[in-house]
Structures are given as C-alpha cells and as structure tokens.
Amino acid sequence: MSSPPKKLNAKTLRQMSREDRLKLLDQLRAEYVKLQTQRARGIVENSGRIRFIRRAIARILTIEREEAK
C-alpha cells in the first residue's frame with residue numbers, strides 16, 4: 001500500500017479523479033483502523049497521524065458529497 005501524499009488539502013483532492021479519491025479513501029480508512037488498534041494497545045508511534053487521517057477522510061467525503069449534488 002503506497003503512502004498517501006503529505007498534503008491533502010481540498011484543492012489537491014478536487015484535482016484528483018473520483019476513482020483516485022475513492023482509492024485514497026479506502027487506504028486512509030485502512031490506516032485509520034490500524035492506528036486505532038495500535039492506540040488501543042498503547043503502542044502508537046505517531047499520534048498526530050490519527051488526526052491528519054480523520055480530517056483527510058472528512059475532506060474527501062465532503063468533496064464527494066458536493067460533487068454528487
């Protein structure tokens with residue numbers, strides 16, 4: 001699984017194709033579950049990454065909803 005780009009602002013996400021955004025969304029959700037599991041065990045390496053991923057997921061979903069209108 002390739003790492004998502006460091007910058008996931010709305011402009012970058014809007015330039016991506018819908019398929020790429022949905023692929024990225026799946027990757028981010030998988031990584032989020034992994035980090036949540038690590039956090040529950042108390043061995044999370046980068047706790048700030050959890051916040052980044054949650055916000056990136058929210059951005060992608062917001063853009064998908066806007067384009068669905």
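Taken together, the values in this text are just the output of simple stated rules run on the coordinates, not laboratory data. Here the structure is a predicted model, which means the values were calculated and not measured. Ideal geometry is used to build each Cβ from the backbone, glycine not excepted, and the neighbour counts take in all protein chains shown.
A few points about this structure:
- Here region 23-44 is the region considered, the condition is being surrounded by 13 or more Cβ atoms within 10 Å (Cβ to Cβ) and among the aliphatic types (A, V, I, L, M), and the residue that is farthest from the chain's Cα centre (by Cα) is V44.
- Members of region 1-21 found to be free of Cβ contacts under 8 Å to residues at least 40 places away in the same chain and loosely packed, with under 14 Cβ neighbours inside 10 Å, listed by number: M1, S2, S3, P5, K6, K7, K11, T12, Q15, S17, E19, D20
- Scanning region 29-60 for residues that are among the hydrophobic types (A, V, I, L, M, F, W, C) and assigned to a helix (DSSP H, G or I) gives A30, V33, L35, A40, I50, F52, I53, A56, I57, A58, I60.
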